[in-house]
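Here's the structure we're looking at; comments come further down.
No lab work stands behind these numbers, since they all come straight from the coordinates. Just so it is clear, the structure is predicted and the values come from calculations on it, not from any experiment. Positions of Cβ are generated from backbone atoms using ideal geometry, with glycine treated the same way; all protein chains shown enter the neighbour counts.
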Amino acid sequence: MRRCDGINRREFLRVGSLSALGLSLSDAFRLRALAQAGKKMPRCILIWLDGGPSHLDMFDLKPSAPEEVRGPFKPTDTKVPGFQICEYFQNLAAHTGKLCLIRSMTSELGEHNFGAHYLLTGYKPSPVLDYPSYGSVISHTRSGKPLLPSYIAVPGFSPYAANGYLPAACRPFAVGGDPSKAEFEVRDLEGQAGVTTSRLERRREFLGDLDRLSREIEESGPRQERDAHFEQAYRLILSPEAKKAFDLGQEKQEVRQRYGHRTIGQSCLLARRLIEAGCPFVTVTDSTWDHHANVFRTLKEGYAGGTDGKMIHLDKALSALLGDLDERGLLKETLVVVMGEFGRTPKLNTSAGRDHWPRAFSVLLAGGGVKGGQVVGKSDARGESPADRPVTPTDLAKTIYTLLGIDPDLELKTADNRPVQVNAGGNVVTECLA
Amino acid sequence: MRSLIAMGVGWLVYCPLAVAAPDFETQVIPVLTKSGCNSGACHGAAIGRGGFRLSLLGYDPDLDYETMLRDLQGRRVNLVKPEKSLLLRKPTRDLAHEGGHKLAAGGDGYKLVRDWIAAGAPRETRRTLQSVEITPTTKTLPAAGEKFALKVIARYKDGATEDVTPWAVFTPTDTAALRINAEGEVMSLRRGQSAVMVRFLGEVGSVSVTVPLADEPVKGGRPRTNYIDDHVNRALDQLRLPHSPCASEETLVRRLYIDLIGTLPEPREVDDFVNDKSTDKRAKLVERLMQRPEFADFWALKWGDLLRIDSKRLQPEGAMAFHQWVRDQVVRNTPLDRMAREMILTLGDGHAVGPVNFSRIPGDAGNHAEHVSQVFLGVRLQCANCHNHPLDRWTQDDYHGLAAVFSKLSRGRSIALQAKGEVIHPKTGKSAVPRIPGVEFLTGDGDPREKFTDWLTSAENPYFARAAVNRLWRELMGRGLVEPIDDHRSTNPATHPELLQALAKDFVEHRFDVRHTIRTIVASEAYQRSSLAAGANKSDDRFYSRALLRPLPPAVMVDAVAKVTGVAEKLGNRPTGERAIALMDARVESTPLDLLGRCVRDNSCTPSLVGAGSLPLALHKINGPWLHDKIVSAQGKLHQSLANRKTDEEIVASFYETALGRKPSAKERAHWKTKLAADTPEERIGKFEDFLWALLNSTEFACNH
């Protein structure tokens, strides 16, 4: 499914192709030392609702606004007094004690690519530099030799959730496929018959020999990139434990049912497995939140008269994830973020849909280091603008990096040695922190 | 009512004065633009800000005048007491302003706006901008920290000129490379090349600034074969960037084969070339390659990606007809202007007539305009759908006018010209008038497509040839002179603007002969350089001081693996042995092609400079059937050689020759002799399988170097 602009993966901004080599070695060591100095390193599950979910119909209902704004959904009380969300978040209502809901998000970028870049990196897009997204920065600052890739995307990822100017090794590993399908598996984790571990090792040795002996090729971007991917691939292949983390078949039926049978549910379950197995950052991408038409039906019913809406499935998946993480003692060290690239127009359009609206929208935070049970900021009577405590995507980024134990002022370096801060100009939304 | 009276008074006061009031369009709006009021982040947003909406960067003066004068009962513009106008009090922070302090009270901008209001805020247009002259357009500074001043002169249609430097908007493309103040003083911050975008009203331009990469000029001369080298060498001299020497003959043969026919050379072909002692052997090789069927396959594949030939959109019949037609044009070397004419104008049944399918790709007239401008002009017109292009000269009139050119086409299996069909201009709500973008409205009778196509393919059209040669350059050199390839605009300057112009001129003079341009590019010294660094040019990725290391394009890689292993790749349900470069459609199933990043043709993708892969690709190469099945195949080259009692040395040499296009060095031969020595036949097989696997994953094999 595509979004309204028809653009899926087009890289609309590019840096010089061979210049994405990233940090110098000394930087990497410095970062690692910094990471090790901290105690338990926080992890993160980012649920990306691609297309831009409707704040007015999900998290920020306006029952007293005119009909063409408020729509048919009603707010419901939840476990936390005064904390209201949409009535169709039946399960999530029991988990608001864990949630920090920011209702005063504001941005000026109302186009998918620009908005996604802004929300996923904390930087507005620039014609000369592609910025790295959260997972790539995490993966870069916490290298070492982990068994699992440090940044995994389930099942795929937005082009702006990528490594930007950081080395290609920080790109997310997309598991591909559809976790809700019975035959789901991550491709090519199992080897071919006859190719033993010792032969895999010998192949790697021969490959190194070939490159080293060649006088036609020197150490270069493409080679370093290939080496980084091969190294990670080998770590993954040679570890049965790592491979098991991708196997949803290890979960009991009740657990699988708890998350819901849809892609988003099983993706969240896979995210939990990967986090549990030590992956520091997992993005779950759920597409088709670009509801220019029939927003209510799509959110609630799915098809006319159905109970198959996007919000219903999100409700089940997110509630299961929060509950499951909590029960396993993982929630306190796992930050959960739920967001899209913007909100949607307060006034309904003629197709019973809502168009892009970046000026006010909502973002959900929960878990690791987040002060739950609260709403931060508010939008005005029609959900058009922040009425109080505006939070920009840059502020949100600084908050997320702070929660993840990454110094937002840390300087990363581009391929041509330009220093770029992890975050520039943001203010931490201190109310969100526990 | 009061404001109306006030306005009348204003007129009375203003008329007798000798000094003319500031002109709304060419003086007041520039103040707003310079102050950032009408930017996309502020009141220029589609929804405005704080209830005040201006057109983006002032492209719609009528709208701006209306909102300033009529809304809020004239409070924004107070004709009686100009200083009390919200238009002045807000940006000077005399009143609270969410956007902050934008205009200095009493400054030149302030005075212009105040004087205009004091004169009764007249709307009438006194003069119209014709062009803007920026000086200098290129500048070389000796070192970082040095400064120079920019000057912007506006030329009006009445012949008047004016220094508008204070009102031009300057934006560095890279804030870490250049700093520029509001008065147009530029300071370089680092070595290298960068640019400043300049805007005044609807006119935009750019200034290229170079700071040499070294303190001393490079010693020795620079080799030259044709005019391309003059331009490339000049830039290298300016940057003081050393160049790498010419690549070896073996490397050059391989490079030409991959670039021209998407195919690895046979060892015999490499030998023949190396042993040929004639002086024109390179030119002869290029001619021979352009006659090969693979040349037609490979360039038809590139065309297919650009034109988005797709069996789902066009049905297999339409895609096949289109692909065949394109391939035929490559074989005949049809001049590009004629190809474009046929694609744009041909009517009929897409399943029977190939070029008709060009018009079947876009879903409506707007998409049609975007597709035509992207493919043939190298221009992204999309922005101008909703507002005038903020970074270029394109207006909404251009977008909807070009869409109107195609508004009478039926859109189905057959393309026919209908009596009716229109495009509604969103600004006027009326039917848009067909228009050649940036040139003229087409008001006469007849099919506007004819006139548009005449303009498009005329020798005077600056866009058509430039877009074409830039694509060819990128295919052969690994990077466009303008990047992204389809984003030509005055604010996105080429790395070598004069070279681009020279290539375009040469292309036009040779009657749009694609092969001529290919010949010219591959004959240049710039094309033939080694990819190995020569000292300080290691990080050069855009000045052609050395050849770029380019991963083999996905289809070429898949074919190369099949060729080296001697086992064909099965592509979807296509007959065994059909090559990936010959596929007419990107929908043919192939995991390796997907993982290598082939263009899926679902939107305007140009074959991208794919990276050296991803983790899924690495996993597939290690564990997937793609390489494995071919390596272990009993019919494959490896197992045949092993079974045919070839010696270890022979096998190693043979694989080096097919995969890398060269013989192994003495060091390599000795290394593999030791490494592949085995005690048992099984051990030998295992070692050789592992050797072949490693060879298929080596950088030298996987790249065009």
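For the protein assembly as shown, what value does the Rg/Rh ratio take when both radii are computed over Cα atoms and Rh is the Kirkwood radius, given to two decimals? Each step should come with its number before you reach the end.
Values: Rg = 31.2 Å, Rh = 32.2 Å.
A ratio of 0.97.
Taking each pair of distinct Cα atoms in region B:248-291 once, what is the resulting Kirkwood hydrodynamic radius in Å? Please list the in-between numbers first.
Numbers: mean 1/r = 0.0965 Å⁻¹.
Mean inverse Cα-Cα distance, inverted, gives 10.4 Å.
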Report for the protein assembly as shown the percent antiparallel among DSSP-assigned beta bridges with both residues inside it, nearest 5. 70 percent
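Per-residue Cβ counts within 10 Å, from other chains only, averaged over A:201-212: what number is that? Please list the in-between numbers first.
Values: counts 1, 8, 8, 5, 3, 12, 9, 2, 7, 15, 5, 1.
Per-residue shielding by partner chains comes out at 6.
Cα convex hull of region B:550-704: mean projected area in nm², to one decimal?
Average of the hull's projected areas for region B:550-704 equals 9.7 nm².
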At a Förster distance of 30 Å, what's the computed FRET efficiency of B:K219 paired with B:N181, Cβ-Cβ distance as r, to 0.05? 0.20
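Within a 10 angstrom radius of each residue's Cβ in B:590-600, how many Cβ atoms of other chains show up on average? Whole number is fine. Mind dumping the intermediate values first?
On the way: counts 0, 2, 0, 0, 1, 3, 0, 1, 0, 0, 2.
Mean inter-chain Cβ contacts per residue within 10 Å come to 1.
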Which one of A:Q253, A:Q421, A:Q84 has the biggest mean-square fluctuation once chain A is modelled by GNM with Cα springs under 10 Å? A:Q253
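Average partner chain C-beta neighbours within 10 Å, per residue of A:109-116?
The per-residue average across the peptide is 1.
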Lysine pair count for region B:301-456 [Cα-Cα under 23 Å; pairs on different chains or 8 or more apart]: 8
For region B:294-326, list residues with backbone N below 19 Å from a point placed 7 Å from the Cα of B:D447 toward its Cβ? B:322
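Of the peptides B:458-464, B:271-277, how do they stack up when ordered by the mean number of other Cβ atoms within 10 Å, highest first?
Numbers: B:458-464: 15.0, B:271-277: 13.1.
Listed from highest to lowest mean packing, they are B:458-464, B:271-277.
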Given B:84-93, B:237-246, the highest-first ranking by average Cβ count within 10 Å works out to B:84-93, B:237-246
Between the residues B:S311, B:V331, B:I424, the Cα farthest towards the positive end of the dipole of region B:301-456, that dipole coming from +1 and -1 charges on the beta-carbon of Lys, Arg, Asp and Glu, is from B:S311
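Can you give the local net charge around A:G343? Use residues other than it whose beta-carbon is closer than 9 angstrom to its beta-carbon, Lys and Arg +1, Asp and Glu -1. Don't skip to the answer; put the middle values down first.
Values: positive: A:R344, A:R354, A:R359; negative: A:D60.
Here the charged neighbours net out to +2.
Report the FRET efficiency, 1/(1 + (r/R0)^6), for A:K332 and B:H97, where r is their Cβ-Cβ distance and R0 is 51 Å, rounded to 0.05. Each step should come with its number before you reach the end.
Numbers: r = 44 Å, r/R0 = 0.86.
That gives a FRET efficiency of 0.70.
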Using the Cβ atoms and a cut-off under 12 Å, what net charge is assigned to the surroundings of A:D211, where Lys and Arg are +1 and Asp and Glu are -1? -3
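Which entries in A:K413/B:K139; B:K646/B:K687; B:K102/B:K147 show an alpha-carbon gap greater than 22 Å?
Working: A:K413/B:K139 28 Å; B:K646/B:K687 15 Å; B:K102/B:K147 26 Å.
From the list (A:K413/B:K139; B:K646/B:K687; B:K102/B:K147), the Cα-Cα distance tops 22 Å for A:K413/B:K139; B:K102/B:K147.
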Using the Kirkwood radius over Cα pairs, work out the Stokes-Einstein diffusion coefficient for region B:19-118 at 10 °C and 1.306 mPa s, in µm²/s as a whole number. 120 µm²/s
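Among A:W289, B:W303, what is the fewest-to-most ranking by other Cβ atoms within 10 Å? Intermediate values should be presented prior to the final figure.
Details: A:W289 22, B:W303 19.
If I rank by nearby Cβ atoms, fewest first, I get B:W303, A:W289.
Arrange the following residues from fewest to most other Cβ atoms within 10 Å of their Cβ: A:R171, B:R255.
Working: A:R171 28, B:R255 22.
Ascending Cβ contact count within 10 Å gives the list B:R255, A:R171.
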Which aspartates and glutamates does B:K675 reach when only Cα atoms under 17 Å apart count, and residues fewer than 8 places away in its own chain are ignored? A:E201, A:E205, A:D209, A:D211, B:D648, B:E649, B:E650, B:E683, B:E689, B:D690
Between the alpha-carbon centers of region B:303-328 and region B:536-555, tell me the distance in whole angstrom. 31 Å
If amide H atoms are built 1.01 Å from N in the plane of the peptide, which residues on other chains or at least 5 residues away come under 5 Å of the amide H of A:L46? A:V282, A:T283, A:V284, A:V337
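What does the net charge come to around B:G107 if you take all other residues with beta carbon closer than 14 Å to its beta carbon, with K and R at +1 and D and E at -1?
Details: positive: B:K34, B:R93, B:K102, B:K111, B:R114; negative: B:E83, B:D94, B:D108, B:D115, B:E183.
Around B:G107, the charge tally is 0.
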Test of understanding: in a Gaussian network model of chain A with alpha carbons linked when under 10 Å, which of A:K316, A:K378, A:K74 would top the mean-square fluctuation ranking? A:K74
Relative contact order (percent, whole number), chain B, Cα cutoff 8 Å, 6+ residue spacing: 11 percent
Where nothing but the Cβ of Lys and Arg (+1) and of Asp and Glu (-1) is charged, how large is the charge dipole of the protein assembly as shown around its Cα centre, in debye to the nearest 20? 1160 debye
Treating cross-link reach as a plain straight distance, find the lysines whose alpha-carbon is under 21 Å from the alpha-carbon of A:K378, omitting any fewer than eight places away in the same chain. A:K62, A:K74, A:K79, A:K98, A:K347, A:K398
